[in-house]
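Heads up: the structure comes next, in structure tokens.
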Ligand code: AQP
């Protein structure tokens, strides 16, 4: 059985990018006879300016969307990161394994610290160190596969590097994980700025489709998507035509097929956008319906998280204890 772990941070409402890049892959993994753990990584949401009440609200919403997307709590473990102390316990040991230079090279740190500075906020120390906490999230479970979108590839590489380094210095302790990416839509781009990732933390931008957007809102956002000027009809070219390529990627992810082959069926952008809008609305419809039902039963969602945290703790405790012994700390 392959051990699988992944998480989403409650920094905003989940987007179509989170669904296609992460959640949908997780549901597919959940169908396999593997041991899979999926987590709302709430501690990661504290690395930037945050409102405690909003983090609480979003944490519940993300957990509810895990279930609404089709993750089955009888087949996989669903929990809140902050409910399992092993993550932060291990994080400190990995801080003693990682280097300052390694942290400063992280692309997300560079981008988000620049954003924080530009808006006059201080850059939180945790923004620099959270990739180590993410490595701890992964390594605490003996994880072999981490299903993520393209933007998280560098962080999973760090987890691999830290596992290898720790094992070399202190003896075999951690499984070395690898990232697994979806075949298409590993990086869904913003519909208004198709050279930037569709992100959830930048606020309600017109180029971001949220999983819980009403069908009419989804249609409006897709129909207003920036396409590229230039002749030659609808072609799939990520470099020269990023806007159209993004729409074709989303269509391929929703309906199946190859984005370049799908392009051949269109002579104009209008028809392509209509089909993308229909496909996204239909893809999200059952998730939205299930979300509405589950949101009315918060106690049931809380119970899933409580049971999940217990299971996660049992799996992580022996691995983290082993790391404590290996690095030179005495047993209590
Ligand atoms: N646009 C995307 N396309 C494909 N996959 C994506 N993911 C995120 N955006 C896209 C994948 O979703 C999972 C969870 O992401 P996260 O919560 O760790 O980070 P984020 O969504 O990238 O959110 P941030 O950092 O709070 O803010 P933004 O979105 O503004 O950068 C991951 O597997 C991720 O790859």
With everything on Cα atoms, drop me the angle between helix 86-95 and the longest principal axis of the chain, reported from 0 to 90° to the nearest 10. 80
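Could you work out how much longer the chain between residue 238 and residue 217 gets when fully extended? Use 0.36 nm per residue separation minus the Cα distance between them, nm to one decimal. Provide the component values of the computation, followed by the final result.
Numbers: separation 21, 0.36 × 21 = 7.56 nm, distance 2.58 nm.
Additional length available on full extension: 5.0 nm.
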In whole angstrom, how far apart do the alpha carbon centroids of region 143-197 and region 7-39 sit? 14
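Relative contact order for region 185-296 using alpha-carbon pairs under 8 Å, separation at least 6, rounded to a whole percent? If you can, show how the numbers build up before the last one.
Numbers: 140 pairs, mean separation 28.4, N = 112.
Answer for region 185-296 is 25 percent.
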For helix 125-139, report the angle its Cα long axis makes with the longest principal axis of the Cα atoms of the chain; keep it between 0 and 90° and round to the nearest 10°. 80
Only helices counted: for the chain, with every DSSP H run of 4 or more residues adding -39500 (n - 2.57) and the sum spread over all residues, [θ] at 222 nm is -16500 deg cm²/dmol
Taking Cα atoms only, helix 242-255 is inclined relative to the longest principal axis of the chain by an angle, in degrees rounded to 10, of 80
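Can you give the translational diffusion coefficient of the chain in µm²/s, computed by Stokes-Einstein from the Kirkwood radius over Cα pairs at 37 °C and 0.692 mPa s? Let's see the in-between values first.
Numbers: Rh = 20.8 Å.
It diffuses with D of about 158 µm²/s by this estimate.
For residue 192 and residue 111, compute 0.36 nm times the residue count separating them, minus their Cα-Cα distance, and round to one decimal in nm. Display every interim value, and only then the final one.
Details: separation 81, 0.36 × 81 = 29.16 nm, distance 1.90 nm.
Extra length available between residue 192 and residue 111 comes to 27.3 nm.
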If you stretched the chain out fully between residue 303 and residue 165, how much longer would it get, using 0.36 nm times the residue separation minus the C-alpha to C-alpha distance? 45.9 nm
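Compute the FRET efficiency between residue 317 and residue 267 as 1/(1 + (r/R0)^6), taking r as their Cβ-Cβ distance and R0 = 41 Å, and round to the nearest 0.05.
Working: r = 60 Å, r/R0 = 1.46.
FRET efficiency, residue 317 to residue 267: 0.10.
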Starting with the highest mean, order 236-248, 133-145 by the number of other Cβ atoms within 10 Å, averaged over the residues of each peptide. 133-145, 236-248
Once the Cα gyration tensor of region 67-144 is diagonalised, what are the square roots of 5 times its eigenvalues, in whole Å and ordered largest first, as equivalent ellipsoid semi-axes? 28, 18, 11
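Under the rule a/c < 1.5 gives rounded, and otherwise a/b versus b/c splits prolate from oblate, where does region 262-327 land using the Cα gyration tensor?
Details: a/c = 7.39, a/b = 1.97, b/c = 3.75.
Because a/c hits 1.5 or more and a/b fails to exceed b/c, region 262-327 counts as oblate.
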Given springs between every Cα pair under 10 Å in a Gaussian network model of the chain, which of 94, 283, 125 has the largest fluctuation? 125
Förster radius 30 Å - calculated FRET efficiency between residue 285 and residue 224, Cβ distance, rounded to 0.05: 0.90
Cα-based shape type of region 21-118, given that a ≥ b ≥ c are square roots of the gyration tensor eigenvalues and the cut on a/c is 1.5: prolate
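Using Cα pairs closer than 8 Å and at least 6 residues apart in sequence, work out the relative contact order for the chain, in percent.
Details: 533 pairs, mean separation 74.9, N = 332.
Normalised by residue count, the contact order of the chain is 23 percent.
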Rg [Å, one decimal], Dmax [Å, integer] - region 185-296, C-alpha atoms: 14.0, 50
As a test of understanding, state the convex hull volume per residue of region 131-202 from its alpha carbons, in Å³. 91
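Kindly identify region 61-218 as rounded, prolate or oblate by the Cα gyration tensor criterion: order the square roots of the eigenvalues as a ≥ b ≥ c, call it rounded if a/c is under 1.5, otherwise compare a/b with b/c, prolate if a/b is larger, else oblate.
oblate
Computed from the coordinates by the stated procedures, all read-outs in this text should not be read as laboratory data. Note that this is a predicted model, so its numbers are computed, not measured. Cβ atoms come from the backbone with ideal geometry, glycine included; neighbour counts cover every protein chain shown.
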